[in-house]
Amino acid sequence: MKYNFLYIFSFLIISTLSSFAEDTLQVTAHKNTQMVWHTNYDNKVFFPTEGIQYRRIYMYFTLGCAEGGCSDWDYDVLAQIMNNTGKIDSSVSKLDTVSLSPLVVDTTWRVFDVLEPYELGRFITPYGTYMNFRNQQYGNQGFDSSWSHTFRYDVTDYASLLQDSVIIRAKYNGWSAGFSADIRFEFIEGLPQRPVIGIKNLYTRGGRYNNSEQFERDIIPARKLGIPNGTKSSQAKVLVTGHGNNSGSNCGEFCDKEYYFKVNGEQKFMHRMWREDCGIVPVRPQGGTYLYPRANWCPGDKVHEQRWELTPFLNSDSIELDMNIESYTNQVDGGNSSHNISSTVFFYGSDNYAFDAEINTIIAPSTHSEHINYNPSCGQAIVVIRNNAHTPLTSTKIRYGALDGKMRTEIWRGNLAFEEMDTVYLPSPYWDGVSMGTNQFIAELVTPNQRYSDENKANDKYISTFDLAPRWEPFRLMLRTNGYPQENKLTITNERGEVVWEKSDFEANRNFIEDVTLPSGCYELLLSDEGNDGLDWWVYRQTGQTARANGSFRVFKQSGGVYALTSDFGNEFRMNFIVGQMDVQEAPTEMSVDFEIFPNPTSGEVNVLIPELNEGNANIEVFDMLGRSVLSFITPTDIEHLALIDISELMDNIYVVKVTVGNQSVSENILKIAK
């Protein structure tokens, strides 16, 4: 166990840099902590003392590569409060024999405080192959050594534990180096909706699953918790992930199971422990098998918590709670399975507000890394609204726009019950006056429920930072399909969400190329894949499933250069861009540095991607297996372009395509097949 004691005295009172209007206190708990082995990384942190109330407390956990590079594997990482229980324990640290006859032993005891862990949040590290700047044999897929990703967690209910001197633990369950950890807390002044008057752990660890009876007896037994005096409501938080892979059951990582939550002996809640959305996590592509569905988690994403409302069952001075996992049978000697479980129960006093609507976050436009799939943006604004009180939220005006710019107002209607949220897609804001670089965007609720009775107006407003989408000059789309083109669709929509261009009837293992001209405006380009596995994935190439591999997608600037390129993208590749009109910088282009020869196999046409080299002409030759030249021609290298070779008249066989520029050359075997 590693202990690093950081004494942080400089609390920063910040309002202009915060997402919120009120005074906000920032406290750093970990800074560039190097997580390089399976252990606990503990920092002692000084938090605000009692006296000030906070309506929201957020924890931001920023993950990056360790100084020696990122690990290639997916590991779970937990952020925990190590709460001092006030109890003392001891263990023997040393035994010295003073005398043998009679036997006299001098015992040295290690005395320590008993600490109880409360889990604030959990995530699974990405397969860091492409982020590993120490080993680039697999390429970097657009990542570099400065890569980082920030996860945000609402930890408001732990306010009573985040006081005075507290150890904040980053628990790294990895067996190789490594990742870096930055953890900071954001305390936003104000009254919370439900003040917490008691916190009790239900479960604090997981364990190996041998069978249902063993697991429920040893890991998640039923427990009776006393209800604190003054309790008006209560809620249970659950975090659960499955790990290991038994060859008979595929559990616990790759089996689709449910857990059941019982209250006073009766099943009241259930949750499917399964995630099928790993193809749209913000961190992608990854080097491992990140696309496969898993038991309540995805590599490179935070673990989603469940909240169960216990208020209807507070009819005694205690409450009995129990969890069960849907039973399964492991094959003997087929490997281990386990489930990592934590659950905390919160007891609340009286509500502070009868009616409280909130802007919870801004998804777009935003620079927050959790929202990277929708940014940078120039089209629809996407905000999340939440009802914090028991009075239903049925309507509200939402005013939004660039800070200090022209504002737009839209009306939302719905029916949100207590603690329900809704993601709202709003028409494109006015971007007049938005400058290059990072800007600020504001969204606020106006007259929710058509009245001015929101008792907590402080959270009616949210501010995000954002970068405007890049500008594209006239461009060319090039899609190289794999063997499953029916899974792919290309769509371009304008800022009103109207489809202005689309294509879906692609042929297998062919090249689709089209120049696209659009009027001035903001657009979103979307390449979707119904198979949720992109156009090319290393798993398919390694396992011989080549029909699902060897595809790619590029957006070229018609005058040369590449705006965007992708092949391994999971469910979708999404990008916003601007044509003309707005005074924004043109998107940077990248020049290809390698020749590419595709498709392979082919029934006739072969494309050679010639990079811009400005080194005279490239000589392209095709040889048969006897080394005889069967076709040759030259093409310039002063602009990046595709050179087309037609071998449809040649016999079905293996041929060698050789490209030579100066004294450098590249060759690739091509299989010619019948149509």
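For segment 47-85, give me the residue count where each residue is out of contact with any Ser or Thr (no Cβ under 7 Å at 6 or more places or on another chain), farther than 16 Å from Trp147 by Cβ and not in a strand (DSSP E or B).
Qualifying residue count for the region: 6.
Just for strands (runs of 3 or more DSSP E) wholly inside segment 356-418: which have at least 3 residues that are surrounded by fewer than 18 Cβ atoms within 10 Å (Cβ to Cβ) and in contact (Cβ under 8 Å) with a residue 40 or more places away in the chain?
Output list reads 393-402.
From Glu514, Glu524, which residue is buried (at least 20 other Cβ atoms within 10 Å of the Cβ) and among the acidic types (Asp, Glu)?
Glu524
Among the numbered conditions (1) among the small types (Gly, Ala, Ser); (2) more than 26 Å from the chain's Cα centre (by Cα); (3) closer than 14 Å to Cys378 by Cα, tell me where Gly405 comes up short.
For Gly405, the failing item is (3).
Restricting to segment 633-658, and then to whatever is within 13 Å of Glu615 (Cα to Cα) and either hydrophobic (A, V, I, L, M, F, W, C) or in a strand (DSSP E or B) (or both), can you tell me which residue is most open to solvent (accessible area, probe 1.4 Å)?
Ile634
Could you run through segment 181-208 and say how many residues are open to solvent by less than 10 Å² (accessible area, probe 1.4 Å) and under 24 Å from the mean Cα position of the chain (by Cα)?
Residues in segment 181-208 being open to solvent by less than 10 Å² (accessible area, probe 1.4 Å) and under 24 Å from the mean Cα position of the chain (by Cα): 5 in total.
I'd like the residue in segment 164-179 that is part of a strand (DSSP E or B) and more than 18 Å from His339 (Cα to Cα) and, out of all such residues, is most open to solvent (accessible area, probe 1.4 Å).
Asp164
Hey, among the residues in segment 408-438 that are within 26 Å of the chain's Cα centre (by Cα) and at pLDDT below 90, which one's nearest to Tyr374 (Cα to Cα)?
Selected residue: Thr438.
Hand me the list of strands (runs of 3 or more DSSP E) wholly inside segment 454-538 holding 3 or more residues that are touching a strand residue (DSSP E or B) at 6+ places or on another chain (Cβ under 7 Å) and of a type in the set (A, V, I, L, M, F, W, C).
It comes to 475-480, 499-503, 511-516, 521-529.
Looking only at segment 542-555, filter to residues that are more than 15 Å from Gly288 (Cα to Cα) and of a type outside the set (A, V, I, L, M, F, W, C); which one of those is surrounded by the fewest Cβ atoms within 10 Å (Cβ to Cβ)?
Among those that are more than 15 Å from Gly288 (Cα to Cα) and of a type outside the set (A, V, I, L, M, F, W, C), it is Gly544.
So in segment 420-453, with the set limited to residues that are out of contact with any strand residue (DSSP E or B) (no Cβ under 7 Å at 6 or more places or on another chain) and closer than 14 Å to Glu358 by Cα, which one is surrounded by the most Cβ atoms within 10 Å (Cβ to Cβ)?
Only one residue tops the list, namely Ser453.
Picking from Gln558, Gln486, which residue would you name as being more than 28 Å from Leu426 (Cα to Cα), open to solvent by 40 Å² or more (accessible area, probe 1.4 Å) and at pLDDT 95 or above?
Selected residue: Gln486, the only one of Gln558, Gln486 that is more than 28 Å from Leu426 (Cα to Cα), open to solvent by 40 Å² or more (accessible area, probe 1.4 Å) and at pLDDT 95 or above.
Pairs please, first residue from segment 602-631 and at negative phi, second anywhere and among the basic types (Lys, Arg) and open to solvent by less than 60 Å² (accessible area, probe 1.4 Å), Cβ atoms under 7 Å, 6+ apart in sequence or on different chains.
These pairs meet every condition: Thr602/Lys672.
Take the conditions in contact with a Leu (Cβ under 6 Å, 6 or more places away or on another chain), modelled with pLDDT of 90 or more and open to solvent by less than 20 Å² (accessible area, probe 1.4 Å) and apply them to Val539. Does it pass?
Against the criterion (in contact with a Leu (Cβ under 6 Å, 6 or more places away or on another chain), modelled with pLDDT of 90 or more and open to solvent by less than 20 Å² (accessible area, probe 1.4 Å)), Val539 does not qualify.
Just the residues that are open to solvent by 40 Å² or more (accessible area, probe 1.4 Å) and among the charged types (D, E, K, R), please, taken from segment 42-75.
Lys44, Glu50, Glu67, Asp72
Can you find a residue that is under 14 Å from Gly300 (Cα atoms) and either open to solvent by 30 Å² or more (accessible area, probe 1.4 Å) or modelled with pLDDT of 80 or more (or both) anywhere in segment 129-140?
yes
Looking only at residues that are free of Cβ contacts under 8 Å to residues at least 24 places away in the same chain and of a type in the set (Gly, Ala, Ser) in segment 493-545, which one is nearest to Glu473 (Cα to Cα)?
Ser504
Restricting attention to segment 86-127, which residues are open to solvent by less than 50 Å² (accessible area, probe 1.4 Å), assigned to a loop (DSSP other than H, G, I, E, B) and more than 30 Å from Tyr58 (Cα to Cα)?
Within segment 86-127, no residue meets the criteria.
The values are calculated or read from the model by the stated rules, or taken from the named source; none is laboratory data. It should be emphasised that the depicted structure is a prediction, and the values quoted were computed from it without experimental measurement. Using ideal geometry, Cβ is built from the backbone for each residue, glycine included, and neighbour counts are taken over all protein chains shown. Protein only, heavy atoms only, side chains kept; ligands, DNA and RNA dropped before computing areas. Shrake-Rupley method; radii C 1.70, N 1.55, O 1.52, S 1.80 Å.
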